[in-house]
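**Student:** Here it is: the structure, laid out below.
The values are calculated or read from the model by the stated rules, or taken from the named source; none is laboratory data. Remember, predicted model here, so these are calculated numbers, not experimental data. Backbone-built Cβ (ideal geometry, glycine too); neighbour counts: all protein chains shown. To get the accessible areas, we keep the full protein, side chains included, count just its heavy atoms, and leave off ligands, DNA and RNA. Shrake-Rupley method; radii C 1.70, N 1.55, O 1.52, S 1.80 Å.
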Amino acid sequence: MQHFFIENNSLVWRGNGETLMIQPWGPNSLRLRSRMMGDILNEDFALLPNPPAHGPVQIEVEEQRASISRNIWT
């Protein structure tokens, strides 16, 4: 069963009623959000606006693992 997905330039994991989203945030940061028993809400709450990114995001998904990275030197 696949638990990792790529959605809207973000890495998403779903399992045991939880959803976890990891998305690029600015030049060298990641934003993590999670929610039990539902989809992630599209709210910024107390975050500052997403600063400009440096370089493309690379997301790799395999059956049992996944990774998200950005090459800031390109």
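**Student:** Taking Ala53 as meeting all but one of (1) modelled with pLDDT of 75 or more; (2) within 22 Å of Phe4 (Cβ to Cβ), write down the number of the exception.
**Tutor:** So the condition that Ala53 fails would be (1).
**Student:** What residue, of Met1, Met37, is at pLDDT below 80 and more than 16 Å from the chain's Cα centre (by Cα)?
**Tutor:** Among Met1, Met37, only Met1 is at pLDDT below 80 and more than 16 Å from the chain's Cα centre (by Cα).
**Student:** Any residue that is surrounded by 11 or more Cβ atoms within 10 Å (Cβ to Cβ), modelled with pLDDT of 85 or more and either polar (S, T, N, Q) or in contact with a Leu (Cβ under 6 Å, 6 or more places away or on another chain) (or both) - is there at least one of those in the range 42-50?
**Tutor:** Looking for residues that are surrounded by 11 or more Cβ atoms within 10 Å (Cβ to Cβ), modelled with pLDDT of 85 or more and either polar (S, T, N, Q) or in contact with a Leu (Cβ under 6 Å, 6 or more places away or on another chain) (or both), one finds none in the range 42-50, hence no.
**Student:** Sticking with this structure for a sec: Six or more apart or on different chains, Cβ under 9 Å: which pairs go from a residue in the range 1-30 that's more than 19 Å from Glu63 (Cα to Cα) to one that's open to solvent by less than 50 Å² (accessible area, probe 1.4 Å) and of a type in the set (Ser, Thr, Tyr)? Could you list them?
**Tutor:** Once the first residue is more than 19 Å from Glu63 (Cα to Cα) and sits in the range 1-30, its partners that are open to solvent by less than 50 Å² (accessible area, probe 1.4 Å) and of a type in the set (Ser, Thr, Tyr) give Gln23/Ser10; Pro24/Ser10.
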